[in-house]
Amino acid sequence: GALVLADSVASQTQVIVAIVVATMGAVATFAVGLLNFRAQRRGFQWQKDHQGRQLELMMSSQITDRFTNAINQLGSDNKAVRIGGIFALERIARDSNSQQDRVNIASTLSTFVRESQPAAAVLNQSYVPVLKVRAPDVQAALTVLCRSPLCDNRAAETTADLRNLNRTDLRLDLSKTD
C-alpha cells in the first residue's frame, strides 16, 4: 500500500509540475506574442508615417515642378501661353493644401498684373477713359485672384499688400501685339 501511495503522490506531483510548466510556457508564449504584436504595430505605424512623408514630399515636388512650368508660361511672349500659365497657377492653388503656396501664387499673379500694366501711361495723361476692355491675360490673372481659393481668408494673410494693384493701369494697351 505504501508503494502505491508513494506512486500516487509522485504522479500527482508530476501532474502539478507539468501543469505549472505548461502554464509558464503559455504565459511566456503570450508575453512574446504580445511583444511581437507591439513591435509589429510600431513597425506598421513607422511605415505608414514614412509613406505619408514620402507622399507629401512627392506631392510637394510635383507642385514645385508645376509651379515652375506655369511661371515659364507666364513669362512667354505669346498671350495664349500666358493665359494658360495663369490658369495653371489657379489649378495649383486648388490642388495644394499649403496656404504658403496660395500666398506665393497670389503674389506672383499680382506682380504679373502690376508689371504687365504699369501706371506710367496714366501719369502722362490728365484724363483716363473709363475701363471698358482689359488685356486678356491681365483679366485672366485678376479673375483668378478673385476666385477661391486665392481670395479665401484674406484677413488671415500675413502679407498685407499681397494684392496691391495701386498705380496699375488696367486698360487694354493696343500697341502691344503677340
* Asked: Going by the conditions given, is S60 in a loop (DSSP other than H, G, I, E, B), open to solvent by less than 70 Å² (accessible area, probe 1.4 Å) and among the polar types (S, T, N, Q)?
  -> no
* Filter pass, Q40 being at pLDDT 90 or above, closer than 30 Å to S98 by Cβ, surrounded by 10 or more Cβ atoms within 10 Å (Cβ to Cβ) and of a type outside the set (F, W, Y) -> no
* Keeping to the stretch 68-94, report how many residues are of a type outside the set (V, I, T), open to solvent by less than 60 Å² (accessible area, probe 1.4 Å) and not in a loop (DSSP other than H, G, I, E, B). => 10
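Can you tell me which of S96, S61 is touching a residue at least 24 places away in the same chain (Cβ under 8 Å) and either farther than 23 Å from A135 by Cβ or of a type in the set (G, A, S) (or both)?
S96
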* Asked: Regarding V138, is this residue modelled with pLDDT of 70 or more, over 23 Å from A80 (Cβ atoms) and within 33 Å of the chain's Cα centre (by Cα)?
  -> no
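The values are calculated or read from the model by the stated rules, or taken from the named source; none is laboratory data. Source: prediction; values computed, not measured. Because the Cβ atoms are built from the backbone with ideal geometry, glycine has one as well, and the counts that use them run over all protein chains shown. The protein model used for the area step is the full one, side chains on, heavy atoms only, and it has no ligands, DNA or RNA in it. Shrake-Rupley method; radii C 1.70, N 1.55, O 1.52, S 1.80 Å.
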